[in-house]
Amino acid sequence: MASWDQTESPHFSARHDEVDAEDAERVLEQLEDVREDLVGLFPSVPDVVNVVLHDSRGQLYTAQPALLGVVSLTAPSARRYVVGWPTAGGLHVLAPRHARSRASNVPGSREMALRAPAALYAQIVVAHNNPVLPPPFRPAAVRQMLRWAWLWAGAGQYLGGQTPYARPAITRRLREGGEPAFPPSPRDAMLLGGTVLDLLATEHGPEAVADLLCTLPPGSPASALQRAFGASLVHVGGMWRAHLAHLAARQ
C-alpha cells in the first residue's frame, strides 16, 4: 500500500489506500446501514469497528493467512466471494475496486462481492453476542466454527444482505456440484449457509434467526435445526431444497 488514508463514520474507522477514498466512504455507509438493522435484532453491537481495505489479495493473505485455507476449502462457485476475514479487532477485506474485478458478469455477482464488508461485520456482531463463535479465533471457537460452518458463514451472508445476490452462484453449484448435503457441508457453507437462515426467516421471522445465532443450543446442528423450524430434519431438508430451487429459478 503506497500510503494509508483514514476515513471515519460514527461507528466505523477505515484504513485504505488514498485511491480508495470514495469507495471507503461507500463501505462505511453500507456498514452503518447494516449496523442499524442489526441493532434491532441483537441485544448489543460493538461500539466501534475498524476496517482495513487491502490493495491486493497478496496483501490481504499476508495480513490474514488463515484466509488461504478458507479459500481452498470453499466450493469453486463461491471462491470469488471469499475476499475478507473478520477478527477481534475489526475486519480485513479487499478494496472494492479489486472485489469488483473478481466478480463475474452474471447478475448479482458484483453486488454479492461488494457486500463482503457487511457480511464480515455481521459475523463480528454475532460473535459479540455469542462468544462460542469466532472471532476471536481461539481453538474452542474454531472447533465450533467448523462444526457449525453453515451457521457461521450463513450468518454473514444472510445478515450482510448477500443472499439475494447469490442466485447465479447457487445455480452453478446445483448444476456442477451434485446434490448438496443438509445442513450444508463446510465446503458449501460460504455459498449455501445463508439460504438456511433465509428460509428460517421466511418461516418464522428474522427474530428466530437472531435467537438461533445468539444461543447456539446444545446438541447437534441437525437437532438445532429441528427445534428452530419445529419440524423433522427430513421435512426441513425438503423445504430447503425447494427453497434452493426457487432461488435458482428466480435469477
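The values are calculated or read from the model by the stated rules, or taken from the named source; none is laboratory data. Since this is a predicted model, take the numbers as computed values, not measurements. Positions of Cβ are backbone-derived with ideal geometry, glycine not excepted, and every protein chain shown enters the neighbour counts. All accessible areas refer to the heavy atoms of the entire protein, side chains included, with ligands and DNA or RNA removed. Shrake-Rupley method; radii C 1.70, N 1.55, O 1.52, S 1.80 Å.
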*Among the GluC sites (Glu not before Pro) within region 145-251, which fall in a DSSP loop and have no more than 15 other Cβ atoms within 10 Å of their own Cβ?*
none
*Inter-part distance where region 160-223 and region 100-154 are each reduced to a Cα centre, Å*: 12 Å
*asked:* With n ≥ 4 as the cut-off for DSSP H runs, can you work out [θ] at 222 nm for the chain, using -39500 (n - 2.57) per run divided by the number of residues, rounded to the nearest 500?
replied: -17500 deg cm²/dmol
*What's the Kirkwood radius of region 33-138 in Å, using all Cα pairs?*
14.4 Å
*One-quarter of the Cα convex hull surface for the chain, in nm²?*
12.4 nm²
*Furthest towards positive pole of dipole, Val51, Tyr61, Ala88, structure part region 1-114, Cβ charges*: Tyr61
*Once you charge only the Cβ atoms, +1 for Lys and Arg and -1 for Asp and Glu, what is the size of the charge dipole of the chain about its Cα centre, to the nearest 20 debye?*
1240 debye
_Segment Glu18-Val70, length gained on full extension (0.36 nm per residue, minus Cα span)_ = 15.8 nm
*Calculate how steeply helix 167-176 sits against the longest principal axis of the alpha-carbon atoms of the chain, using the helix alpha-carbon long axis, and give the answer as 0 to 90 degrees to the nearest 10.*
60 degrees
*How much accessible area per residue does region 139-251 have, in Å², with a 1.4 Å probe?*
42 Å²
*State the antiparallel share, in %, of DSSP beta bridges confined to the chain, rounding to the nearest 5.*
50 percent
*asked:* Once neighbouring chains are kept in place and the probe is 1.4 Å, which whole percent of the accessible area of the chain is contributed by carbon and sulfur?
replied: 53 percent
*How long is region 165-238 along each principal axis, judged by its Cα atoms, biggest number first, in Å?*
34, 22, 20
*What angle, in degrees between 0 and 90 and rounded to the nearest 10, separates the Cα long axis of helix 116-129 from the longest principal axis of the Cα atoms of the chain?*
70 degrees
*15 Å reach of a label modelled at His246, 7 Å along Cα-to-Cβ, counting backbone N of region 175-208*: 195-206
